[in-house]
Each structure stands twice: as structure tokens, then as C-alpha cells.
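Undergrad: One structure follows; several queries about it will come next.
The values are calculated or read from the model by the stated rules, or taken from the named source; none is laboratory data. Keep in mind the model is a prediction, meaning the values are calculated, not measured. Positions of Cβ are generated from backbone atoms using ideal geometry, with glycine treated the same way; all protein chains shown enter the neighbour counts.
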Amino acid sequence: MRQAAFRSYAFHIAVIAALFLLQYVLPAYHIGTFTRIMVYAVLAIGYNILFGYTGLMSLGHAMFFAAGAYGAGLSVYWLGFGPIAALLAGVASAFVVSLLAGIVVLRVSGVAFLIVTLMLAQAAFLATLYFNTITLGDQGIVLSLRPIEMAGLSFALSDPSVKYNVALAAFAFALLFSLWLLRSPFGRILIAVRENEARTKLLGYNTFLYRFWALVISGTLSGLSGALYCLLFAYVGASFASLQYSTLPLLYTLLGGTGVTLGPLAGTAIMYYLIDISSSFTSSYMIIVGAALLVITLWFPEGIGGWVRRFLRRKPA
Amino acid sequence: MITGPALLLALMEGAVGAAVLALTALGLSLVFGVMRVINIAHGEFVMLGAIIVWWCSAELLGAHPALGFLLALVMAPVVVGLIAMAADWLVLRRINYDPERTIVATMGLLYVIQQSVLMTYGPDARPIEPPVYFRIQLPWFGYSGYKLIVIALALLLLGITWLILSKSRIGLYMRATRLDAETAQAFGVPVRRVYASVFALGAMLAAVSGVLIAPIQQAHYLMGADPLLLSFIVVIVGGLGNLRGTLLAAALIGIGEGMIAVLFSPTLAKMIATLLVALVLIARPGGLMRESAP
Amino acid sequence: MTLLETRGLSRRYGGVTAVNDVSFRLEQGEIRSIIGPNGAGKTTFVSMICGRIPPSGGAVFFEDHDITNMSPWKRVMRGIVYTFQITSIYPKLTLRENVALAVQRRLTAKPGLHLSLSPDALDAAIDEALSAVGLNNEADRLAGVLPYGHQRLLELAMGLALKPSLLVLDEPTQGLAPGDIQPFCDLIRRTAKTSTILFIEHNLKVVLDLADRITVMDRGAILAEGTPAEIERHPAVQQAYLGD
């Protein structure tokens, strides 16, 4: 058992190391792409904690992503925060929004949970438009950021290589955190809630609290992704709160395989490239997202992770 | 300062919104009630209805706008009903109406429909001429006669739907399937066809409401989001699958939303509606979700 | 000493009264069986004791505390453990993980964050619980593939791993192979040294073999109560339940 834990950590760290080395091999364009993929993968990792492990499908993660993005962006624009303070502000605002959302959405279960998450996220989207004196609404805010000062060195966030490594650091944190969380006693209970909530309650667990904290952790990680996205690409706008940012993490997670720690990265990378390629042909590239959702539901419900897992199991040990 | 006439105007606008919302939300609620399916693409059916009005009136350019509108009133439910049946046949049936997977699938459907419209119809919002031009002159302001026709048509269609559900054989089948699909099947109810027709009927109701609002708003490929949000609010308040509750909630929320929209701002109206639902959920956990017979 | 007491406990569903004004006492260390025809309200009654169903009236006392409005998970923490009539386990997890969830609950009973657990303590307790029901050789199989009788034993192992002061079993021998029944009775008797046992049972042989006292329920009320010998002689019981 302990050996398995060691192997699992070693494997995940190897993936992170590979991503680190990738920046010395990839052409410039793909470095930019992979930066975005890693930032979105943090969103998907957050989503996976709630959906993949706890079994709660949310259609409203855009509100957490946007809370992180606006928390960071507005504090830079209106309060003149530096990048690190802004990142913390973004994560903190996503944490608060998750707490508030959790109190509301966990009152209901099943399909009502989906409806209420979507409803709240749409309201949050409308709020970003309504308070346009602060958020500048649809048009959004283009930020000018101070460099990160650290140990006497200065890192400009406009430098692609700095962006890449900041994104990688956040991704590595999110990945190892999710791995640790799911191997912890807490993670065991999340899975138990997903598999059989009634039983879990009668084993003495307050399942509401576990669902609640799973939601808060998931929302806060999604907010980290939003804050990073805003800071690395120096922009925040109402589109960050749109339905698209609730759909994408769902799609990434499904494609990568639910309840697999590396699933979100795989799903994000593949889907991102698919969208990226198709957007050079048509402005209606979101049709790829629709088609992918249909294809996955109809023919590929286990995603890449499930498929790999089955392949490994078939192999004689 | 809100004056009496302004309040009356707001009330009338609210009534128009409520009538159309009732049609849309009834469709969503019906589909959930019988099939246990939440259709995320429901708003896109509203949008398709509005786009079809534009096509019809563009095709018949030069003719009286009423002709195009009447044609759309027939065409939209037929076309959208067929699309919904195809979706049921090709997608929903294959995944056995599994609740979580249908949600993902209808989400996919949302993007496929929306983006197909973007490809063909384009990104512009286009105004549509109302079929009739007359104004009711009240002492304080003139009011569009078309909007009164919308209320009348919506009530008529709600009445027809009610008759279909309560008096016809298909309505009986739907009610039986709703109670227990397996038992209904055992008693010879063609459950599969019932599902296909219910999904189509739900979509048709949405499409008709799209036709009705097109001349008031404009036709745009992203216009499905608002009706979807409002219908969701309505079914949460009225009780998922509870048709009477849906209609009552649609009336209340439609009028309230419409009034705030006129007096303050449409965006604010939707935010307040959502926040109210959130507050109600906190006060009565799960209490709104009780299901009862239609 | 009285461990559990109910006073005037009732449960109505619409117009139907499933449990009607039941006052009941259970002494510490007892093995008590509840018998009665189908629909007598036995499962509803024990479900109110463990908090799965809220009562419509009356009160439940455990160790002299009113627990009527206590949530089910808090009751588990107080020592009331329930196994379902229809097996409720985690079919997609291994037996080890199933039992680990119960063990973890006991090891993390003290307030705190419990971000990690000693793997040794966890493993030892899991092995102990699985050995008690004879499933220790199947620890790494998925629970869902076990035969039904073994799933029931697994659920019992989860209950034992919580080290309950009151173990409530709902028809535990239903679905057990005939050869598994005697070992099961031995296990219950061993468990009774540290726990009080309340079980609903249809198999009269098991009831007469295990129970110190028997409560007979019929139509939502207690019809009779006494030692096995007294119950066997009770005329109303013979008529209503035991037949001729």
C-alpha cells in the first residue's frame, strides 16, 4: 500500500518534470498554448474534485473561475496590487464565492443541483455586465502589470518563459494537492459520498459537510485558475463568467476520464488543440465543443483515463 | 418617482413576459415530468423559433409581415419538433435517458444548434417586423396591439396543451409514463413514442414562444440563454415536473421580472429573480422541489 | 442499566400509521430480537432509533440523553450502528476500502482535522474486522462481485469495525447460506460481550438461539415481550405470529 503511494507520487512528479523540460523543446507558439493548457488544467483539476471524486456535476464553475479572475484583475486595476497580492486576492474571492454558493446549491441534490449551479452562474455573469462601472462589462479590462520581484530578481509576466513557469508551478501545486487530498482520509470520504451517500451517513459521517468542503476546494482551485489566467494574459472580461467556462471544465474532465488525477490534463490538452485548430477555420468553433460532448456521451463515456485504466488492467500484472 | 401609468405599463410588459415564459417553462417542466430529463438546450429551441420567423419573413419579403409570421407560427413548431425528435432518436434514446448523461448530451446539443445558427444566420441581431401594426391608445400612453395578441395566443396555446394533456389519448399515455414508465409499458403504452413526442412537444412550446417574442425582441443566435435561465428559475420555484406549479411560478416570476425590467433594468430583474430563488432555497432546503401530480 | 428507551414513538405516512405509540426499553448487554409479520413496522421502528427516519411523535433516549432530533451520523458517533435490511455497501470499492471507511470513522472520532492516519492502525483494524466475519482472504476484491451472503457479512464487518455500543441489525441472516448461519450466531454472541444487540429476524431458530429477550410487533405496536420461553407460550403470539 505504501509502495503504491510512493509510485503514484513519483509518477506524477515525473509528469511535472516532463512538462518542465518541454519548454526547451517546444516551438514558441506551442509554449504559449501549453501555458494556457496548464492554466485550464488547474480549472479542470478543481472541477474533477467535485465531479469526478465527489460525484456532483456542476454547471456553474464559470462563477468560480470568474471570481478568481475578477478578484485578481480588479485589485490590480482599481487598487494597484502587484501580481502576487492580486493572485492571493483572486483566490480569496473565489474562496468566499464558493462558501456562499455552497450554502445555496447544496440545499438541493440530483438534477436540481445542476439547475441551481447553472442558475447562479448565469446570475453571476449578468452581475459582471450590470456592474459595468466597476468591471467595464463586455469590453473588459486590459491590465498593465508590475513585474514580480523575488529574491532581488525581477520577472516580467509578459515574458513567455516566465508565463510558462508560473503556469507550471500552479499546475504542479494543483496536481500534487489533488493527489494528496484524494489519498488522505478526507478523499476517501469524498469517494464514499459519490459511491453511496446513505451508507456513508450511517457510518457516522456528516456527508453534507464533506460535499460542502469538496465544493469549496473545487471552487477555490477553479478561482486560482481564473486569477492566473487574468494575470498571465493581462485581461479580464465578462466572457470569463459565461457558460463556456462552466462547460469547458466539464468537457475536459469527461474527456480525460472522471476520477483520474491526470485526466484533467489529458482532456484539457486534447480539447484545447482541437478548438485551437478548428478556430482557424471557422468562427463557430464552439461547435467542436458541442460535438465532443455528444461523442463522449454516446461512445466514450469513460474518457481517456477509463480507457487507459482498462488497458492496464487487461495487461497481466 | 414611479407613477401610476408607468406602473401600469410595467404590469402590461410583465404580463407579456409571463405569458411567453409560461409556454417555455411548461415545455421544460413537461419534459422533466415525463422523461426525467433536464434539457439544457431548451433555450436554443426558443432561439430557433425566432430565427425561423426571420427566415419566413425574409423569404416573403414584400408581402405583408403577417403572412411570414403566420407561416413561421406553423413552420417553427414543425421544424423544431422534428429536430427534437431526431435528437431523441439519435442521442437520448441511445443513452437510455440516464439523467447525468442526458444533461451532458443536451449541453452538446446546445452548442451544436447555437453554432450552426451562427454559421448560417450570422452573428447579427436582426429586427423583425410585427405582423400587425395597431396601437391601443390609453389615456397615458399608446400600447402595441401585437403584445396583446401575444398574450392571447400564449393563453390559447396553453389551453390547447392543457386539453391535449388532460383529454387526449396521448395525454393519458404521458401521464401513465410519468407515474411509472415500466408499468405503463406493461399496459401497452408505447413508451418510446411517448418519450419522442413529449420531447418534441416540449421543444415545440419553446419554439412557439420564440416566434412570439421575435417581433418584440430581435432574432440573435445567443438569445436562448435568458429564456433558459428564467425557465430554470420557474421550474425550481414551481417544483420540477409540477405543471400547475410551473404555470403559477411563471405568472409570478414573469410579471415580477417584466416589471423590474421596465422600471429598472432587465439584467437587474434576472439577478433579483435568481437571488430570490437562492434565498428561498436557504430558508426551505429542498422544500420547493416537492413533486406532485400535474 | 437502560441503554435505549423509546417513549410513545410513532410514525405516520399520510393516513397510514406504521409505528403507533411504541414505548420500549433495552438493557445494556442484552441480545434483543424483534419479530413480527411483514408490515408490522419493525424496520420503521429501528430506523427511527438510528435516525434514518424522523418520528412523527414520541422520543428516543440513549444512555439517558434525548436523541430524538439527533442526526444519524451523530448517533453513530454515540455508538448506535445500523446495518441495512437491503445490503448497503460500496460495490465499486474493495472490501478493504469498505471497511477502512468504518475504521477511519472510529480512529478520527476525536475532533480535529485528521489529515493523515496511521496506515498500521488502519490495516490492523481492517484485518481484525474482516477476519471476524471470515472475509480476510478477499480483502482486495471489489465488494460488488461478492455473493450476496458475503456482502451481508461485509456490511456486518463494517458495523463491527465501528465498535458500537448498540448494534442494530435488520434481518441479518437473510441471504446467508445455511452453512454460514451457525458461524454468524457465534459471531453475534462474541460481539455481545462488548455491545448490546438489537436485531430484527424472521428465522425463528436464530431468534430462539440468540435472543435473551424477544419483542413481538404487530400492526405498528408491541404485542408481547419476554424471554424466548415466555414468548413461545404466549397465546396471542401463537395466534398472531407463530401460527399453530
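Undergrad: Tell me, yes or no, whether region A:53-67 has at least one residue that is outside any loop (DSSP other than H, G, I, E, B) and polar (S, T, N, Q).
TA: Looking for residues that are outside any loop (DSSP other than H, G, I, E, B) and polar (S, T, N, Q), one finds none in region A:53-67, hence no.
Undergrad: Separate question: Could we say that A:ARG211 is without any contact (Cβ under 8 Å) to a residue 12 or more places away in the chain, more than 26 Å from A:LEU143 (Cβ to Cβ) and basic (Lys, Arg) here?
TA: No; evaluated as a whole, the condition is false for this residue.
Undergrad: How about region B:207-236: which of its residues are within 11 Å of chain A (Cβ to nearest Cβ) and either part of a helix (DSSP H, G or I) or in contact with a strand residue (DSSP E or B) (Cβ under 9 Å, 6 or more places away or on another chain) (or both)?
TA: Within region B:207-236, B:ALA225, B:ASP226, B:LEU228, B:LEU229, B:LEU230, B:SER231, B:PHE232, B:ILE233, B:VAL234, B:VAL235, B:ILE236 qualify.
Undergrad: Under the condition of being assigned to a helix (DSSP H, G or I) and among the hydroxyl-bearing types (Ser, Thr, Tyr), which residue from region B:78-130 is surrounded by the most Cβ atoms within 10 Å (Cβ to Cβ)?
TA: Per the stated criteria, the residue is B:TYR111.
Undergrad: Follow-up. Being modelled with pLDDT of 90 or more, outside any helix (DSSP H, G or I) and of a type outside the set (Phe, Trp, Tyr) narrows it down to one residue among A:LEU79, A:LEU100; which is it?
TA: Sole residue among the options that is modelled with pLDDT of 90 or more, outside any helix (DSSP H, G or I) and of a type outside the set (Phe, Trp, Tyr): A:LEU79.
Undergrad: In region A:102-123, what residues are of a type in the set (Gly, Ala, Ser) and at the interface with chain B (Cβ under 9 Å from one of its Cβ atoms)?
TA: A:SER109, A:GLY110, A:ALA112, A:ALA123
Undergrad: Additional query: Which residues, counting only those in region A:131-160, are assigned to a loop (DSSP other than H, G, I, E, B), over 21 Å from A:LEU79 (Cβ atoms) and modelled with pLDDT of 85 or more?
TA: Selection gives A:ASP159 alone.
Undergrad: Restricting to helices (runs of 4 or more DSSP H) lying wholly in region C:57-153: which have 1 or more residues that are touching a residue at least 40 places away in the same chain (Cβ under 8 Å) and within 16 Å of the chain's Cα centre (by Cα)?
TA: So the answer is C:72-78, C:95-107.
Undergrad: Something else now. If you go through region B:41-56 one residue at a time, do you hit one that is more than 14 Å from chain A (Cβ to nearest Cβ), at pLDDT below 90, assigned to a helix (DSSP H, G or I) and in contact with a helix residue (DSSP H, G or I) (Cβ under 6 Å, 6 or more places away or on another chain)?
TA: So far as region B:41-56 goes, yes, one or more of its residues are more than 14 Å from chain A (Cβ to nearest Cβ), at pLDDT below 90, assigned to a helix (DSSP H, G or I) and in contact with a helix residue (DSSP H, G or I) (Cβ under 6 Å, 6 or more places away or on another chain).
Undergrad: Across region B:10-68, what is the number of residues that are within 13 Å of the chain's Cα centre (by Cα) and without any contact (Cβ under 8 Å) to a residue 60 or more places away in the chain?
TA: So the answer is 0.
Undergrad: Considering only residues of region C:87-125 that are loosely packed, with under 14 Cβ neighbours inside 10 Å and among the polar types (S, T, N, Q), which is nearest to the other protein chains (Cβ to nearest Cβ)?
TA: Here the residue is C:SER116.
Undergrad: Only one of these is under 19 Å from the mean Cα position of the chain (by Cα), away from chain B (no Cβ under 11 Å), among the charged types (D, E, K, R) and within 30 Å of C:HIS114 (Cβ to Cβ): A:ARG199, A:ARG194, A:ARG211. Name it.
TA: A:ARG211
Okay, residues lined up against (1) surrounded by fewer than 24 Cβ atoms within 10 Å (Cβ to Cβ); (2) touching a residue at least 60 places away in the same chain (Cβ under 8 Å); (3) of a type in the set (S, T, N, Q):
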{"position": "A:ARG2", "(1), (2), (3)": "yes, no, no"}
{"position": "A:ALA17", "(1), (2), (3)": "yes, no, no"}
{"position": "A:PHE34", "(1), (2), (3)": "yes, yes, no"}
{"position": "A:MET38", "(1), (2), (3)": "no, yes, no"}
{"position": "A:ASN48", "(1), (2), (3)": "no, yes, yes"}
{"position": "A:GLY52", "(1), (2), (3)": "no, yes, no"}
{"position": "A:GLY60", "(1), (2), (3)": "no, yes, no"}
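Undergrad: Moving on to the next point. Please give the helices (runs of 4 or more DSSP H) falling wholly within region A:238-317 in which 2 or more residues are hydroxyl-bearing (Ser, Thr, Tyr).
TA: A:244-256, A:263-278
Undergrad: Mind counting the residues in region C:72-86 that are out of contact with any Phe, Trp or Tyr (no Cβ under 7 Å at 6 or more places or on another chain) and buried (at least 18 other Cβ atoms within 10 Å of the Cβ)?
TA: Counting residues in region C:72-86 that are out of contact with any Phe, Trp or Tyr (no Cβ under 7 Å at 6 or more places or on another chain) and buried (at least 18 other Cβ atoms within 10 Å of the Cβ) gives 8.
Undergrad: Restricting to region A:226-275, give me the number of residues that are away from every other protein chain (no Cβ under 14 Å) and over 25 Å from A:GLY306 (Cα atoms).
TA: Matching residues across region A:226-275 total 13.
Undergrad: Check whether at least one residue in region C:63-71 is within 8 Å of chain A (Cβ to nearest Cβ) and either more than 27 Å from C:GLN151 (Cα to Cα) or buried (at least 22 other Cβ atoms within 10 Å of the Cβ) (or both), and report yes or no.
TA: No - not one qualifying residue is present in region C:63-71.
Undergrad: Another question, then. With the structure loaded, tell me whether B:LEU28 is within 12 Å of another protein chain (Cβ to nearest Cβ) and not β-branched (Val, Ile, Thr) or whether it fails that test.
TA: Criteria met by B:LEU28.
Undergrad: Across region A:171-191, what is the total count of residues that are crowded, with 23+ Cβ neighbours inside 10 Å and either more than 9 Å from every other protein chain (Cβ to nearest Cβ) or farther than 13 Å from C:GLU97 by Cβ (or both)?
TA: Here the count works out to 5.
Undergrad: Now for a different question. Across region B:8-40, what is the total count of residues that are assigned to a helix (DSSP H, G or I) and under 16 Å from B:THR246 (Cα atoms)?
TA: Matching residues across region B:8-40 total 19.
Undergrad: Related question: Applying the selection to region C:155-187, what residues are in a helix (DSSP H, G or I), more than 16 Å from C:GLN85 (Cβ to Cβ) and over 11 Å from the mean Cα position of the chain (by Cα)?
TA: Selection gives C:ALA157, C:ALA161, C:PRO178, C:GLY179, C:ASP180, C:ILE181, C:GLN182, C:PRO183, C:CYS185, C:ASP186, C:LEU187.
Undergrad: Is at least one residue of region B:82-91 in contact with a Ser or Thr (Cβ under 9 Å, 6 or more places away or on another chain) and at the interface with another protein chain (Cβ under 10 Å from one of its Cβ atoms)?
TA: yes
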